[in-house]
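One structure is given below, encoded as structure tokens.
The values are calculated or read from the model by the stated rules, or taken from the named source; none is laboratory data. Quick caveat: nothing in here was measured; it's all calculated off a predicted structure. All Cβ positions, even for glycine, are placed from backbone atoms using ideal geometry, and neighbour counts span all protein chains on display.
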Amino acid sequence: MSYNWQQKDWPRFRFKQEGFEDLLFQFAEDSGKVSGVLQGLSAVDQLEAVIFNRVLEAMKTSEIEGEYLSRQDVMSSIRNHLGLNSILELVKDQKAAGVSELMINARETYAEKLDATMLFNWHRMLMKGNATIKVAVWRSDKEPMQVVSGAIGLEVVHFQAPPSGSVPTLMEEFIQWFNETAPGGLKTIKSGPIRAALVHLYFETIHPFEDGNGRIGRALAEKSLAQSLGRPVLLSLSHSIEKAKKKYYQALESAQGDNEVTDWLHYFISTLVDAQQDVQAQIGFVLKTGKFFDRFRSQLNPRQMKVIKRMIAAGPKGFEGGINARKYIGIAKTSKATATRDLQDLLTKGVLEAYGGGRNTSYQLDY
């Protein structure tokens, strides 16, 4: 099989733009709506929307790679990196700390030119706590870098990246291309979604690191999109990808077989549109929780406040299975009798609504 990087026209990507003009228009329209809504929020609500979004992106970009992080660790780490905690919160999981640092750094440095140092710093953040990976260097193993699935002896090779020896040169070319296609560059790509799609495909094809390429590649796509929009993006590309992960891998595999990438652009821009529409619901959730706190804050004791904050931090769907006495005891560090009394009080006040009955009773927030 011939891969895109082995072909004579690499990396001169070709595509027919008329196939997805409606998607580009939809993205621009939704992006304008989100920008308008954000401008109408208070500074506190804007910050909460950013935190919620970065937590979601950190969680989902990791889940795509099969890593499931503690939401609480990710939340604490992001708040630490944003300087919102007067006393740094303990983050037990170094992977959560690393990907959270990457999420914040990529957002804060979106306007800066890309260089190898930035990519190495991102890789160093991402590989925190990983002692088996060569950190902040291009891959150098002589064995082929392959994307493989299937049981031992029945493996299917979906893609083979360029040899390690060519990575330094390929990455030098990629970084130059990235900066030249940015706004104001020598070869500016005016459409942000198109540029983001090409950035991700180009980087994933080179696959320059031993590990972490997918997560860094998605951060690069967001960086390029932010540069084109002239502001940090508020969307979770990884959340939309993770909802149909198989489709993502199929689209990427197909795109890495040819430098005619119309189908890839259609897939990627559709995913960006989905992500942009999702963020409107995320902002709605942030506003809803803000009003919820304003209503009940003075009525909650410290134990109840701690539990409610944890439930809200779990996102719109809340805890899987809701909160019950056992979970309450674990979070609030209290007795069963106190947990039962606190839960009944929250139910009476209308903070929670009950499901099931008897020993199977659980509770969700009653927004």
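Of the residues making up segment 50-71, those that are closer than 30 Å to S149 by Cβ and within 12 Å of the chain's Cα centre (by Cα) number 11. Residue count for segment 4-52, restricted to those that are modelled with pLDDT under 90 and outside any helix (DSSP H, G or I): 3.
Counting only residues that are out of contact with any helix residue (DSSP H, G or I) (no Cβ under 7 Å at 6 or more places or on another chain), of a type outside the set (K, R) and either more than 23 Å from Y110 (Cα to Cα) or outside the structural domain of R54 (by TED's automatic domain parsing) (or both), segment 227-264 holds 5 of them.
When restricted to residues that are of a type in the set (A, V, I, L, M, F, W, C) and over 16 Å from T262 (Cβ atoms), segment 185-210 contains 5.
If you check K309, K291, K349, K317 for being more than 28 Å from Q46 (Cβ to Cβ) and outside the structural domain of S76 (by TED's automatic domain parsing), only one passes: K349.
Taken over segment 88-108, residues that are touching a Lys or Arg at 6+ places or on another chain (Cβ under 8 Å) and not acidic (D, E) amount to 11.
Screening M311 against (1) modelled with pLDDT of 85 or more; (2) out of contact with any Gly (no Cβ under 7 Å at 6 or more places or on another chain) leaves a single unmet condition, (2).
Taking E143 as the residue in question, decide whether it is without any contact (Cβ under 8 Å) to a residue 12 or more places away in the chain and surrounded by 12 or more Cβ atoms within 10 Å (Cβ to Cβ). Criteria not met by E143.
Among the residues of segment 84-118, just one is surrounded by fewer than 13 Cβ atoms within 10 Å (Cβ to Cβ), of a type in the set (D, E, K, R) and either under 20 Å from S70 (Cα atoms) or touching a Pro at 6+ places or on another chain (Cβ under 6 Å) (or both), namely K92. The condition (being touching a His at 6+ places or on another chain (Cβ under 8 Å), outside any helix (DSSP H, G or I) and small (G, A, S)) is satisfied by just one residue among A136, A111, A151: A136.
Inspect all residues belonging to segment 207-217 and state whether any of them is surrounded by fewer than 20 Cβ atoms within 10 Å (Cβ to Cβ) and either in the same structural domain as M127 (by TED's automatic domain parsing) or at pLDDT 95 or above (or both). Don't jump to the end; show me each part of the working.
Narrowing segment 207-217 to residues surrounded by fewer than 20 Cβ atoms within 10 Å (Cβ to Cβ): 211.
Adding the requirement that they be either in the same structural domain as M127 (by TED's automatic domain parsing) or at pLDDT 95 or above (or both) leaves 211.
The answer is yes; a qualifying residue exists.
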